[in-house]
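Asker: Structure below; questions to follow.
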Amino acid sequence: MSTIFQGKKAAYFTLGCKLNFSETSTFAKLLGDMGVMTAGKGERADLCLINTCSVTDVADHKCRQAIRRMVRQHPGAFVVVTGCYAQLSPAKVNAIEGVDLVLGSNEKARLIQYLTEAWTEKNPTQALHRQHTVPTKDITSFQPSCSRGNRTRYFLKVQDGCDYFCTYCTIPFARGFSRSPSIESLVKQVEEVAAEGAKEIVLTGVNIGDFGKRTGESFLALIKALDEIGGIQRFRISSLEPDLLTDDIIDYCATSRAFMPHFHIPLQSGSDEVLCLMHRRYDTALFRHKVERIKRSMPYAFIGVDVMVGTRGETPEAFEQTFSFLKQLDISQLHVFPYSERPGTAALRIPLVVSEQEKRERSQRLLTLSDEKLHHFYQQHIGQRMEVLFEQAPRGRAMHGFTKNYVRVELPPNPDNNLLDNQIRWVTLERFNRDGSALMATLDKEP
């Protein structure tokens with residue numbers, strides 16, 4: 001262990017997806033193993049690490065704000081910026097006053113090496129404004145990650161990058177082409193966290209259904225191998241493309257030991273014409289088939305759906321097709337994203353542009369529909385007796401957890417509630433909480 005890390009304090013900030021949060025947690029663990037402590041609230045850090053997102057122009061703006069805020073809050077700290085925005089716009093990030101090191105998607109795996117080199121310089125100012133990024137085609141590294149940070153659930157990174165190049169998306173440029181580790185290595189990571197007492201793991205990645213594409217393995221083989229690991233009682237699959245969500249995967253999850261009846265499937269549009277403009281690899285008929293197959297084998301499965309509104313080419317008629325399609329589907333919740341222009345994407349060549357006002361109106365209609373569907377889904381569970389994995393509640397919030405099929409559950413205030421963190425307990429679901437975001441429950445006696 002290098003003495004240059006001993007006694008230093010680090011502050012972390014993450015923007016974007018669960019994959020980013022998982023990677024930041026892994027950075028914190030790596031640095032913690034080297035002797036770096038996490039700075040407490042109000043403490044000045046020696047190191048600031050910001051893991052960025054670039055899925056929209058709003059995300060870019062939030063990244064710049066976060067970087068400047070961290071620089072102000074921790075004067076004199078060594079500031080490292082990584083993630084998608086750092087990969088796509090390294091010069092812009094490097095130009096922000098106070099930034100010392102910019103690491104792209106290929107270089108972030110060597111964070112400790114870069115920090116060691118910078119902190120052992122005789123003249124520390126020589127380390128300032130270093131930029132390390134490579135072109136998309138040269139992004140080949142895979143940084144393992146299985147960490148929980150300050151959460152109860154662990155997040156296991158099983159894949160990175162994407163080969164799809166949808167017309168609206170910059171993620172393949174930021175993350176590189178699809179790549180994944182071996183099943184053997186992932187099983188080893190899961191066995192290690194099982195020994196730490198983990199009970200639930202979420203599989204994360206950019207396009208996880210592409211797992212094993214270049215290694216001869218498959219996502220189905222991965223989940224079968226993970227399902228055999230003792231100790232882990234719950235696995236959840238994060239976003240899985242509908243064309244890669246095979247019937248075999250659905251059927252296996254329906255009878256598996258530990259994979260939960262919980263799916264997150266990106267639709268993006270309910271118009272086949274718009275799906276074609278987006279270069280998506282499925283149509284609405286295939287998407288409907290996947291939802292119906294899930295519901296036949298797992299009637300109470302939670303199905304979350306991503307949908308994008310206001311993309312170039314989305315006529316009023318196309319949006320109405322999307323609204324009607326989603327209204328008819330037996331799904332649980334919508335994750336609604338207004339389209340954002342991204343430099344260098346093929347979507348910019350599509351002539352029809354949707355106004356910002358129209359995007360807001362379409363988004364609101366879908367958000368209202370989502371609220372109705374989630375309320376209906378939760379309502380079906382009132383009066384049922386179910387198992388809940390409880391999570392540490394943020395200060396001032398009710399103790400909460402999730403059922404196997406992802407119904408959020410809250411307990412009435414009780415000083416002993418915090419003892420339930422990472423515990424699976426039987427409860428009876430009773431009523432909606434005050435804002436309708438969860439079901440209130442009472443603890444049952446163990447069966």
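Asker: Could you check, for the range 60-80, whether at least one of its residues is part of a helix (DSSP H, G or I), within 22 Å of the chain's Cα centre (by Cα) and modelled with pLDDT under 90?
Answerer: Among the residues of the range 60-80, not one is part of a helix (DSSP H, G or I), within 22 Å of the chain's Cα centre (by Cα) and modelled with pLDDT under 90, which makes the answer no.
Asker: Filter the range 240-264 down to the residues that are in a helix (DSSP H, G or I) and among the acidic types (Asp, Glu), then identify the one that is farthest from Gly161 (Cα to Cα).
Answerer: Result: Asp251.
Asker: Starting from residues that are assigned to a loop (DSSP other than H, G, I, E, B) and of a type in the set (Val, Ile, Thr), keep the ones in the range 362-408 and report whichever is surrounded by the most Cβ atoms within 10 Å (Cβ to Cβ).
Answerer: Per the stated criteria, the residue is Val407.
Asker: Also, I was wondering about something else. Working only within the range 234-251, note down all residues that are closer than 17 Å to Ile303 by Cβ and open to solvent by 30 Å² or more (accessible area, probe 1.4 Å).
Answerer: Ser239, Asp243, Leu244, Thr246, Asp247, Asp251
Asker: Is it the case that some residue within the range 308-327 is at pLDDT below 95 and among the small types (Gly, Ala, Ser)?
Answerer: No, every residue in the range 308-327 fails to be at pLDDT below 95 and among the small types (Gly, Ala, Ser).
Asker: Against the condition farther than 25 Å from Ile201 by Cα and open to solvent by 50 Å² or more (accessible area, probe 1.4 Å), how does Gly35 come out, does it pass?
Answerer: no
Asker: All but one of (1) free of Cβ contacts under 8 Å to residues at least 60 places away in the same chain; (2) within 26 Å of Asp163 (Cβ to Cβ); (3) not charged (D, E, K, R) hold for Val80; state the number of the condition that does not hold.
Answerer: Val80 satisfies every listed condition except (2).
Asker: Let me ask something else about it. On the given criteria, is Leu429 under 27 Å from Leu329 (Cα atoms) and assigned to a helix (DSSP H, G or I)?
Answerer: no
Asker: Using the structure shown, decide if Gly7 is of a type outside the set (A, V, I, L, M, F, W, C) and open to solvent by less than 70 Å² (accessible area, probe 1.4 Å).
Answerer: In short, yes.
Asker: Across the range 310-325, what is the total count of residues that are assigned to a helix (DSSP H, G or I), among the charged types (D, E, K, R) and farther than 11 Å from Glu273 by Cα?
Answerer: 1
Asker: Give the residues of the range 88-120 that are open to solvent by 30 Å² or more (accessible area, probe 1.4 Å), among the charged types (D, E, K, R) and farther than 28 Å from Ser178 by Cβ, sorted by residue number.
Answerer: Glu97, Glu117
Asker: So, one more: Of all residues in the range 239-273, which are in contact with a strand residue (DSSP E or B) (Cβ under 6 Å, 6 or more places away or on another chain) and farther than 14 Å from Ile294 by Cα?
Answerer: Ser239, Ala258, Pro266, Leu267, Gln268
Asker: Consider only pairs whose beta carbons are under 8 Å apart and that are at least six residues apart or on different chains; among these, list those whose first residue lies in the range 224-252 and is over 23 Å from Phe402 (Cα atoms) and whose second residue is modelled with pLDDT under 95 and surrounded by 15 or more Cβ atoms within 10 Å (Cβ to Cβ).
Answerer: Glu241/Tyr164
Asker: I've got another one for you. Among the candidates Gly216, Gly197, Gly231, Gly212, single out the residue that is in a loop (DSSP other than H, G, I, E, B), open to solvent by less than 20 Å² (accessible area, probe 1.4 Å) and on the phi > 0 side of the Ramachandran plot.
Answerer: Step by step, each of Gly216, Gly197, Gly231, Gly212 is checked, and only Gly212 is in a loop (DSSP other than H, G, I, E, B), open to solvent by less than 20 Å² (accessible area, probe 1.4 Å) and on the phi > 0 side of the Ramachandran plot.
Asker: Still on this structure, please answer the following. Pull out all pairs, ordered by first then second residue, where Cβ-Cβ is under 6 Å, the residues are six or more apart or on different chains, the first lies in the range 340-363 and is under 26 Å from Cys84 (Cα atoms) and touching a residue at least 12 places away in the same chain (Cβ under 8 Å), and the second is open to solvent by 60 Å² or more (accessible area, probe 1.4 Å) and acidic (Asp, Glu).
Answerer: Ser340/Asp57
Asker: May I pose another question? Considering every residue within the range 121-130, establish whether at least one is modelled with pLDDT under 90, open to solvent by 50 Å² or more (accessible area, probe 1.4 Å) and under 26 Å from Pro343 (Cα atoms).
Answerer: Looking for residues that are modelled with pLDDT under 90, open to solvent by 50 Å² or more (accessible area, probe 1.4 Å) and under 26 Å from Pro343 (Cα atoms), one finds at least one in the range 121-130, hence yes.
The values are calculated or read from the model by the stated rules, or taken from the named source; none is laboratory data. Just so you know, these numbers come straight off a predicted model, no measurement behind them. With ideal geometry, Cβ positions are generated from the backbone for all residues, glycine too; neighbour counts draw on all protein chains shown. When the accessible area is computed, the model is the full protein with side chains, heavy atoms only, and any ligands, DNA or RNA have been set aside. Shrake-Rupley method; radii C 1.70, N 1.55, O 1.52, S 1.80 Å.
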